[in-house]
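See structure below.
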Amino acid sequence: MEPSYSAIANQQLDQVMDSGDIDLYNGLVTVCEFILDNPATAQRDSSAVTTNVGIRLRYAVPGHAPYKVFWASEGPTIEAVFPYPT
């Protein structure tokens, strides 16, 4: 299965890019690429949350607290990106 981004994650990334915060956008994209290229390592370094659609992993964006990338190990798939308290 090809790694992918959900429609929600695509929309959220577009909003960050449109906001002009290039450092945040680059940080988010770097984390997303890391997750998609290294899902086993990313899973080891992620925390998890239980949602109504199952467990989603959450990876902090270095230097951009409280932003997190939420993802599913199946695929893997980037599900969402947004500020989330620790």
Worksheet entry | Rounded to 5, percent antiparallel among DSSP beta bridges of the chain | 90 percent
Practice prompt. Determine the distance separating the Cα centre of segment 29-59 from the Cα centre of segment 2-22; give it in Å without decimals.
Written response: 16 Å
Worksheet item: Within a Cβ distance under 15 Å of ILE8, other residues only, what is the Lys/Arg minus Asp/Glu net charge?
Response: +1
Fill in: Carbon and sulfur %, accessible surface of the chain computed with the full protein complex present, 1.4 Å
53 percent
Discussion item. Let me check I have the definition right: for segment 7-46, take the eigenvalues of the Cα gyration tensor, multiply each by 5, take square roots. What are those semi-axes in whole Å, largest first?
Written reply: 22, 11, 7
Fill in: Length gained when the stretch SER47-GLU33 is fully extended (0.36 nm per residue, less Cα-Cα span)
3.3 nm
Worksheet entry | Cα-based helix-to-principal-axis angle, 22-37 vs the chain, degrees rounded to 10 | 20 degrees
Discussion item. With +1 assigned to the C-beta of every Lys and Arg and -1 to the C-beta of every Asp and Glu, and no other charges, what is the dipole magnitude of the chain about the Cα centre in debye, to the nearest 20?
Written reply: 360 debye
Worksheet item: For the chain, with every protein chain kept in place, what is the accessible area per residue (1.4 Å probe, Å²)?
Response: 59 Å²
Practice prompt. With springs connecting C-alpha atoms under 10 Å apart, model the chain as a Gaussian network and identify which of THR51, THR30, THR41 has the largest mean-square fluctuation.
Written response: THR51
Discussion item. Can you tell me the mean projection area, over all orientations, of the convex hull of the chain's alpha carbons? Units nm², please.
Written reply: 5.3 nm²
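The values are calculated or read from the model by the stated rules, or taken from the named source; none is laboratory data. Owing to the predicted nature of the structure, the values given are computational and were not obtained by experimental measurement. Glycine gets a Cβ as well: all are built from the backbone with ideal geometry, and neighbour counts include every protein chain shown. Only protein heavy atoms, including side chains, enter the accessible area calculation; ligands, DNA and RNA are left aside. Shrake-Rupley method; radii C 1.70, N 1.55, O 1.52, S 1.80 Å.
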